[in-house]
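What follows is one structure encoded as structure tokens, with my remarks underneath.
Each value in this text was obtained by applying a stated rule to the coordinates, not by laboratory testing. Quick caveat: nothing in here was measured; it's all calculated off a predicted structure. Don't worry about glycine lacking a Cβ; one is built from the backbone with ideal geometry, like all the others, and counts go over all protein chains shown.
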Amino acid sequence: MVSVRDLRKSYGSILAVRGISFDVAEGEIFGLLGPNGAGKTTTVEILEGLRRADGGTAHVAGIDVGADPAGVKHRIGAQLQSSAFPLHLTAAEVIELFATCYDRTVDARAVLATVDLADRADQWNEKLSGGQRQRLSIATALVNDPKVLFLDEPTTGLDPQARRNLWDLVRRIRERGTTVFLTTHYMDEAEVLCDRVAIMDAGRILELDTPRALIGALLSRGFSKPVIQQQADLEDVFLDRTGHELREG
Ligand code: ATP
């Protein structure tokens with residue numbers, strides 16, 4: 001569903017992406033990880049047809065992104081930061097606005113139902129909670145029934161309940177056949193959610209495999225750290241006291 005070969009991109013003297021290659025299979029949840037400045041956003045923006053590569057090739061959903069950047073935009077969904085939505089539009093109106101951009105007519109309430117926001121259809125988008133806004137943002141990326149959904153740090157700033165709720169949503173989206181390509185700085189999130197992850201640094205991919213295989217390989221190289229006897233952490237306390245139920249205000 002995504003196929004990248006020797007992809008390169010520089011900004012002046014900065015080599016942001018230095019010849020990376022990888023494939024993402026249909027129906028996979030794939031995570032692109034890496035420290036700040038690793039080249040993740042540059043890579044994702046090239047795949048979305050928003051930025052031109054200097055060299056190499058990228059195919060997304062069968063489209064050569066370099067040759068047909070407009071074509072790829074019709075086959076993918078890209079989650080925008082929710083703060084980009086115009087004020088005083090209801091959640092349903094935001095969905096209708098995005099559908100118009102794709103020249104589609106959609107049942108906004110049905111789209112909102114897929115992200116558990118049917119009951120917020122008539123609420124102004126800026127009045128939604130952080131988790132609800134993030135789900136609305138994902139809903140806008142689903143209006144054109146994409147083959148690949150790109151999510152850029154989808155759970156940044158969310159509380160533990162809302163993060164787990166979003167993980168469930170991402171899994172449901174994959175179950176309906178959509179390939180998910182996400183970036184995250186949360187390793188726990190990548191470990192529980194992603195089928196495979198690529199670890200990128202300074203424009204290169206250092207590792208690419210399942211989280212379990214990467215952890216296994218590290219251990220087999222003799223890695224060890226002091227075993228923490230504690231069977232629970234502060235997040236367990238937080239969830240024990242406040243419950244797993246989603247809070248949305
Ligand atoms: P973060 O986790 O902070 O979002 P990232 O892995 O997404 O980082 P990129 O945003 O792709 O990394 O940046 C890769 C490198 O390219 C960095 O050194 C960054 O400063 C540089 N860079 C990114 N965009 C531009 C631009 N438009 N002009 C010049 N340099 C840029």
Condition set under 20 Å from ALA190 (Cα atoms) and of a type in the set (Asp, Glu), scope segment 1-44, selection nearest to the chain's Cα centre (by Cα): answer is GLU28
Answer with yes or no whether VAL111 is buried (at least 22 other Cβ atoms within 10 Å of the Cβ) and closer than 30 Å to ASP6 by Cβ.
no
Looking for something within 16 Å of the ligand (Cβ to nearest atom), out of contact with any strand residue (DSSP E or B) (no Cβ under 9 Å at 6 or more places or on another chain) and either touching a residue at least 24 places away in the same chain (Cβ under 8 Å) or of a type in the set (Lys, Arg) (or both) - is there at least one such residue anywhere in segment 138-155?
yes
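Mind checking which helices (runs of 4 or more DSSP H) fall wholly inside segment 135-249 and carry at least 1 residues that are over 22 Å from the mean Cα position of the chain (by Cα) and loosely packed, with under 14 Cβ neighbours inside 10 Å?
Values: elements: 160-175, 187-193, 211-220, 234-242.
In segment 135-249, 211-220, 234-242 are the helices (runs of 4 or more DSSP H) which contain 1 or more residues that are over 22 Å from the mean Cα position of the chain (by Cα) and loosely packed, with under 14 Cβ neighbours inside 10 Å.
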